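Novice: One structure follows; several queries about it will come next.
Coordinate-derived values only; no laboratory data. Model, not experiment: these values are computed from the prediction. Methodologically, a virtual Cβ is constructed for each residue, glycine included, from the backbone with ideal geometry; neighbour enumeration extends over all protein chains shown.
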Amino acid sequence: MAADDQQPTTPGASPDKSEQEIFEAEVARFSGRAVLLFGGLAILAALIMSTVALLKSSDNTSTTTTVTTPAASTQSAPQLTGDALGRQLFVAGDAATGVTACSGCHTMKTAGSTATVGPNLDKELGSDPASATRESIVDPNKEIIPGYQANVMPVNYGTALTPTQLDALVNYVFHSTNTKAKAKAAKSSAG
């Protein structure tokens, strides 16, 4: 056999294997690598998609909760009034009327809210009369505090809330933020 007649061999292939056997071994080796590569890519793609889904779901700030009451119950929950109603509206809003919770945007110590989208009500309403608090709720774009933008706060509080709800919200915010009102309430509860 002349040197020109020698066939190149695959590393690790024995010289007594046929070309067909060598070809099949190479295909099997390549197929195994391809399976590993595509399997790894599929796992990586699944991880990326699940991470994106998780991030998207954590960005959703609205949650819908359905509460059902037993059919046998004929008693209704007691209706909140006064500061209890005002606090509920401030902290949770009112889904039935489409009123957004104030605590989602504002800081107010008595409500335990620390949001900073809107002004800190403890600082900004500390000396304002109740009428100014009402105006800030009903017509939020009338006076914009420096550093904040108009048209961020919903403008539907004056029309979506009942007069009782609006009064309760205004009184709750006023009594929670106005330093004179807080001092008067502390004095009357101490004496």
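Novice: For R33 and L54, what does the FRET efficiency come to when R0 = 45 Å and r is the distance between their Cβ atoms, rounded to the nearest 0.05?
Specialist: Details: r = 32 Å, r/R0 = 0.70.
Here the calculated transfer efficiency is 0.90.
Novice: In nm, to one decimal, how far is the V91 label point from the S127 one, both placed 7 Å along Cα→Cβ?
Specialist: Modelled inter-label distance: 3.1 nm.
Novice: Multiplying the sequence separation of V117 and T159 by 0.36 nm and subtracting their Cα-Cα distance, what value in nm do you get? Please list the in-between numbers first.
Specialist: Numbers: separation 42, 0.36 × 42 = 15.12 nm, distance 2.27 nm.
Computed gain between V117 and T159 is 12.8 nm.
Novice: Further, regarding this structure: Grab the beta carbon distance between L44 and E21, set R0 = 35 Å, and tell me the FRET efficiency rounded to 0.05. Show your work: numbers first, answer last.
Specialist: Values: r = 35 Å, r/R0 = 0.99.
E(calc), rounded to 0.05, equals 0.50.
Novice: Across region 82-190, how many lysine pairs, 8 or more positions apart or on different chains, have C-alpha atoms separated by under 15 Å? Please give the number.
Specialist: Values: K109/K123; K109/K182; K123/K180; K123/K182.
Taking region 82-190 as the scope, the lysine pair count is 4.
Novice: Now for a separate question. Among rounded, prolate and oblate, which fits region 82-190 when a ≥ b ≥ c are the square roots of the eigenvalues of its C-alpha gyration tensor, a/c under 1.5 means rounded, and a/b larger than b/c means prolate?
Specialist: Oblate, because a/c is 1.5 or more while a/b does not exceed b/c.
Novice: Next question, about the same structure. Once label points are set 7 Å from the Cα along Cα→Cβ at both V138 and A84, what is their separation, rounded to one decimal in nm?
Specialist: Simple spin-label model gives 2.7 nm for this pair.
Novice: Taking the simple approach of a point 7 Å from Cα along Cα-to-Cβ for both Q149 and T179, what is their distance in nm?
Specialist: Result for the modelled spin labels: 3.2 nm.
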